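To start, I am sharing the structure in question, which I have written as structure tokens.
What follows is calculated from the coordinates using simple rules that are stated; it is not laboratory data. Fair warning: this is a prediction, and the values are worked out from it, not measured in the lab. Glycine also receives a Cβ, built like all others from the backbone with ideal geometry; neighbour counts cover every protein chain displayed.
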Amino acid sequence: MPALRPLLPRGLLALSALLSACGGGSSSDDAGSGTTAQKVASCGTDGGTLRIMPLGDSITEAEAGHNSYRRVLWQRLNGAGCVVDLVGSKSGVSRGSRDSGPTAPPNADFDQDHEGYWDYSVNQLLPRISGLVGQSNPDVVLIHLGTNDVLAGQGASGIAQELGGVIDAIRASKADTHILLAKIIPASPDPSGTAALNRLVDGVATTRSSATSPIAVVNQAAGYSLGDNYDGVHPNPTGESKLGNKWADAVLAWRTR
């Protein structure tokens, strides 16, 4: 996983070997020859490694001192016998501000590739998505987006329309991508705004889901409270665990073999 190397001051070779053995890294060389549906149905044990792209804002990226939900997701899927590769052009976690560059999380024992963008709204990220998907060739994309838009005062219907655009952009690069779309976690000072957006998420999924590119809604807001955030917006370890486990449950729900 080349993007990971500058983040790890010690034990680089051992960790690289560990991640490689577990399906880590973002190279398309291990994509395999199976179809996306085959890899999703087998959770990466048939047809090639299952490539999963975590896509979102700072809740996906996390900041220095935090691991992100991605560590729990990685642990759960590997523990379930899946062969997975978290993919994306970025690695590690944010230094805590927009475009501040990566740093290492507290625990570097997981595949750290992702497409999380600190402080980005949906419409700011949208123009990049088709290219990012084309670069990483994911089988599954996890979308947790809309928090910054809500906190900036944008209306729920406009954000929902932009989320539909995100889905269209993903499919423009890879038509058979399987998509997990989150009802986003509550954020202070406007948890009612995130709740309003979440009421529209099912409609976004229903109108765009297809047989070749199914969309499953993952209700990350259910059972999640503002107390699961350390600053009102970003998940603390309990919140990260809730998010990572729900994403893993949703991926595993597609496994049929």
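Under a GNM of the chain (C-alpha, springs under 10 Å), which listed residue has the highest mean-square fluctuation: 68, 58, 130?
It is 130.
Under a 10 Å cutoff between Cα atoms, tell me which one of 210, 241, 91 has the largest fluctuation in the Gaussian network model of the chain.
Taking springs between Cα atoms under 10 Å, the residue moving most is 210.
Let me ask another. Give the long-range amide H neighbours of residue 83: residues separated by 5 or more places, or on another chain, with amide H under 5 Å away, using H modelled in the peptide plane at 1.01 Å from N.
Under 5 Å from the amide H of residue 83 lie the amide H atoms of 44, 45, 50, each far enough along the sequence or on another chain.
Let me ask another. Multiply the residue separation of residue 135 and residue 98 by 0.36 nm, subtract the distance between their alpha-carbon atoms, and state the gained length in nm to one decimal.
11.1 nm
At a Förster radius of 22 Å, what calculated FRET efficiency corresponds to the Cβ-Cβ distance of residue 225 and residue 202, to the nearest 0.05? Let's see the in-between values first.
Values: r = 21 Å, r/R0 = 0.98.
In this case the efficiency is close to 0.55.
By how many nm would the segment from residue 176 to residue 190 lengthen if fully extended, with 0.36 nm per residue of separation less the alpha-carbon distance?
1.5 nm
Now, a different point. Residue 46 to residue 128: extension gain in nm, 0.36 nm per residue of separation minus the Cα-Cα distance?
Taking residue 46 through residue 128 to full extension adds about 26.5 nm, to one decimal.
May I ask for the Rg/Rh ratio of the range 116-174, computed from Cα atoms with Rh as the Kirkwood radius, given to two decimals?
Rg/Rh: 0.97.
Relative contact order of the range 77-234, please, whole-number percent, based on alpha carbon pairs below 8 angstrom and at least 6 residues apart.
19
Can I ask one more? Mind putting a number on the dipole of the range 90-190 about its Cα centre? Charges go on the C-beta only, +1 for Lys and Arg and -1 for Asp and Glu, and I need it in Debye to the nearest 20.
For the range 90-190, the charge dipole is close to 120 debye.
Assuming a ≥ b ≥ c are the square roots of the Cα gyration tensor eigenvalues, decide whether the chain counts as rounded (a/c under 1.5), prolate (otherwise, with a/b larger than b/c) or oblate.
Working: a/c = 1.59, a/b = 1.16, b/c = 1.37.
Verdict is oblate for the chain.
Let me ask something additional. Which residue, 232, 244, 116, has the most motion in a Gaussian network model of the chain that connects Cα atoms within less than 10 Å?
Looking only at 232, 244, 116, the biggest GNM fluctuation is shown by 232.
Next up: Can you bin the range 93-191 into rounded, prolate or oblate? Criterion: square roots of the alpha carbon gyration tensor eigenvalues sorted a ≥ b ≥ c, rounded for a/c under 1.5, prolate for a/b above b/c, oblate for the rest.
Oblate.
Classify the range 151-257 as rounded, prolate or oblate, taking a ≥ b ≥ c as the square roots of the eigenvalues of its Cα gyration tensor: rounded when a/c is under 1.5, otherwise prolate if a/b is larger than b/c and oblate if not.
oblate
Here is a further query. Modelling each spin label as a point 7 Å along the Cα-to-Cβ direction, I'd like the residue 89/residue 252 distance in nm, to one decimal.
Result for the modelled spin labels: 3.3 nm.
Each residue of the range 240-256 in order: what ³J(HN,Hα) in whole Hz does its phi give by Karplus 6.51 cos²θ - 1.76 cosθ + 1.60, θ = phi - 60°, with x for Gly and Pro?
4, 5, 4, 5, x, 5, 5, 4, 4, 4, 5, 5, 5, 5, 7, 6, 10
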